[in-house]
Amino acid sequence: MNLALPEIDQTVRLRFESPMTDDEIAHFCKANEAVRVEQDANGELIVMSPAGGGASNKNNNISYQLYKWADETDSGITFDSSGGFRLPDGSMRSPDAAWIAWPRWNALTKEEQERFAPICPEFVIELRSSSDSLGELQAKMGLWIANGAELAWLIDPSRKTVEIYRPGREVEVFEGGSAVEGDGPVEGFVLELGRIWA
């Protein structure tokens, strides 16, 4: 089966007769390195165009700040947008940035750590790019929380907002500030927003 796709500039959903296995998804990703791929709980592939330069730079800044904090505190391990996680609902999702506490990460086998890790990060960040649907990203934030994330931030540079999601609580919207402070699993983490808003 030829799994190569033509060039895409929007999100495309692909349904197969049976859901692709992790190995098949990895092969699909290798054949289509220019796209980002997730799988929903029904087995449908969600194929997204790569981020533009501005969004990529902002995402790199976010990942760097989270990595630096985690490294300085030795509190856990961080991931960028290329990391995929197999969630309890069966979906495979990739946040723009994520953090997992060391004890939970170390409880996985080395093989599990090298694949789409069967774990939901305690903390995730999604960055809205100009081509992302706000409604779809907000639904994705709900999925992160439903699958076990304790804290999730949706950062929207165009609106200069950070939507803060927590289990069992209303979404909190933080507008226009210069930094947002973590709580719960990432107590003490402060994300500077100046370069994200620029």
| said: Quick check: the angle from helix 134-146's long axis to the longest principal axis of the chain, C-alpha only, nearest 10 degrees? | reply: 90 degrees
| field | Charge dipole magnitude, Cβ of K and R +1, D and E -1 - the chain, Cα centre, debye nearest 20 | value | 240 debye
| message | Using only the alpha-carbon atoms, how far is helix 53-73 inclined from the longest principal axis of the chain? Give it as 0 to 90 degrees, nearest 10. | response | 60 degrees
| remark: So residue 130 and residue 170, fully extended at 0.36 nm per residue minus their Cα-Cα distance, gain in nm 11.9 nm
| remark: Cα-based Rg and Dmax for the stretch 46-151, in Å, come out at 13.6, 38
| Span per principal axis, largest first, for the Cα atoms of the chain (Å) | 49, 38, 30
| the chain - accessible surface per residue (Å², probe 1.4 Å) | 52 Å²
| said: Taking all protein chains in place and a 1.4 Å probe, what share, in percent, of the accessible surface of the chain do carbon and sulfur account for? | reply: 48 percent
| field | Contour excess over end-to-end distance, with Cα ends at residue 115 and residue 160 and 0.36 nm allotted per residue | value | 12.7 nm
| query | Sorted by average packing, counted as other Cβ atoms within 10 angstrom per residue and highest first, what order do 175-182, 65-72, 80-87 take? | reply | 80-87, 65-72, 175-182
| remark: Over the chain, the sum of -39500 (n - 2.57) across DSSP H runs of at least four, divided by residue number and rounded to 500 deg cm²/dmol, gives at 222 nm -8500 deg cm²/dmol
| task | Pull up the cross-link candidates among the lysines for residue 58, meaning alpha carbon to alpha carbon under 27 Å and not fewer than 8 places away within one chain. | result | 30, 68, 140, 160
| request: Among 125, 109, 147, pick out the residue whose Cα is farthest towards the positive end of the charge dipole of the chain, where Lys and Arg carry +1 and Asp and Glu carry -1 on C-beta, about the Cα centre. | output: 125
| field | Cα-based helix-to-principal-axis angle, 22-31 vs the chain, degrees rounded to 10 | value | 90 degrees
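The values are calculated or read from the model by the stated rules, or taken from the named source; none is laboratory data. Treat the numbers as computed from the prediction; the structure is a model and nothing was measured. Reconstructed Cβ throughout: ideal geometry from the backbone, glycine too, with neighbour counts over all protein chains shown. Quick note on the areas: whole protein, heavy atoms, side chains included, nothing else; ligands and nucleic acids left out. Shrake-Rupley method; radii C 1.70, N 1.55, O 1.52, S 1.80 Å.
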